[in-house]
1. Please go through the stretch 213-258 and pick out each residue that is of a type in the set (A, V, I, L, M) and surrounded by 18 or more Cβ atoms within 10 Å (Cβ to Cβ).
2. Restricting to the stretch 41-62, what's the tally of residues that are away from the ligand (no atom under 16 Å from the Cβ) and within 15 Å of V238 (Cα to Cα)?
3. Just name the residue that is nearest to R65 (Cα to Cα) out of those in the stretch 1-29 that are surrounded by 10 or more Cβ atoms within 10 Å (Cβ to Cβ) and within 31 Å of the chain's Cα centre (by Cα).
4. If we scan the stretch 118-130, do we find a residue that is modelled with pLDDT of 95 or more, closer than 29 Å to D218 by Cα and in contact with a Ser or Thr (Cβ under 9 Å, 6 or more places away or on another chain)?
5. Looking only at the stretch 1-53, count every residue that is outside any loop (DSSP other than H, G, I, E, B) and in contact (Cβ under 8 Å) with a residue 12 or more places away in the chain and tell me the total.
6. Exactly one condition in (1) within 13 Å of the ligand (Cβ to nearest atom); (2) not in a strand (DSSP E or B) is false for Q133; which is it?
7. Exposed (fewer than 12 other Cβ atoms within 10 Å of the Cβ), closer than 30 Å to L101 by Cβ and acidic (D, E), is that true of E51?
8. Please tell me if G56 is touching a Phe, Trp or Tyr at 6+ places or on another chain (Cβ under 9 Å), among the small types (G, A, S), under 15 Å from D218 (Cβ atoms) and in contact (Cβ under 8 Å) with a residue 60 or more places away in the chain.
Amino acid sequence: MFASLKRGERVPSRALSGAQAEITVAMDRGEEHTQNVVAYLEGTDPVLKNEYVLFGCHYDHVGFRNGQVYNGADDDGSGTVAMLEIAQAMMIQRPKRSVILVWHTGEEKGLRGAGYFVDNSPVPLESISAQLQMDMLSRNDPESIYIIGSHFLSSEMDAIDRQVADRLGIIRVDDEYNDPDRRDNYFRQSDHHAYHQVGIPVTFFFTGVHDDLHQPTDDVENCDFDKMERAAKFIYAVGLEVGNYPHLLRLDRDPEVTQRGKGGG
Ligand SMILES: [Zn+2]
């Protein structure tokens, strides 16, 4: 196992019965500086423009290891460029509510950029209707995309995802991981989780893991651009719907979460 780890290979975990280990951990503490990239598009309605729909992805990846650059084309180059396309489309057809697009930093270090945004939000958290996260959009089954967390806080968030998918008919939603009792699967693993924790309805759009994840082979040649395009069109249309919805998405799914903001989630 240690020899394969040294070669940078992944070793499947397994239980070792009766084994004991003494572990010494050395830690280097340091301070780094980085930034989220945030764009704002004002909504078209004079009143509703003071409410917001958020799109999110992360532009960081795992960097440079053993002389190799880890490009992270799917994780999350795919979400990063899909969001540029969504921003361009939103410039042409804006919803009533304002749109904020956040290219998060430090996702791979523990959702740092998302945590920072939530702690220092430029707009009141109470006025954010929903956050739509795209992290890994370009792999696996060409016909479907996982939605995760859509119904954890708001049945309206969930209904919008399904109605838009049905209406467009370009990509099917897959609920395999959309179960609140299986949150350990992927729900905590991307930026949307920080928004969920302050009572903001989210959907995590995700096309699943693969052998190139966090490997130097997560390269652009392996991306399915046709699928990415359909995923981006779908997520754009969901955002437009949330942005034009008659009211902020209702928090009707979790009796402990009835308001947005600190202490809400
Ligand atoms: Zn990611």
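The values are calculated or read from the model by the stated rules, or taken from the named source; none is laboratory data. Given the structure is predicted, the values throughout are model-derived calculations rather than measurements. Here Cβ is always computed from backbone atoms with ideal geometry, including for glycine, and neighbour counts include all displayed protein chains.
1. Matches in the stretch 213-258: M228, A231, A232, I235, A237, V238, L240, V242, L248, L249, L251, V257.
2. Of the residues in the stretch 41-62, 3 are away from the ligand (no atom under 16 Å from the Cβ) and within 15 Å of V238 (Cα to Cα).
3. Only one residue tops the list, namely G8.
4. Looking for residues that are modelled with pLDDT of 95 or more, closer than 29 Å to D218 by Cα and in contact with a Ser or Thr (Cβ under 9 Å, 6 or more places away or on another chain), one finds none in the stretch 118-130, hence no.
5. Result for the stretch 1-53: 10.
6. (2)
7. Judged against the criteria, E51 is not a match.
8. Against the criterion (touching a Phe, Trp or Tyr at 6+ places or on another chain (Cβ under 9 Å), among the small types (G, A, S), under 15 Å from D218 (Cβ atoms) and in contact (Cβ under 8 Å) with a residue 60 or more places away in the chain), G56 does not qualify.
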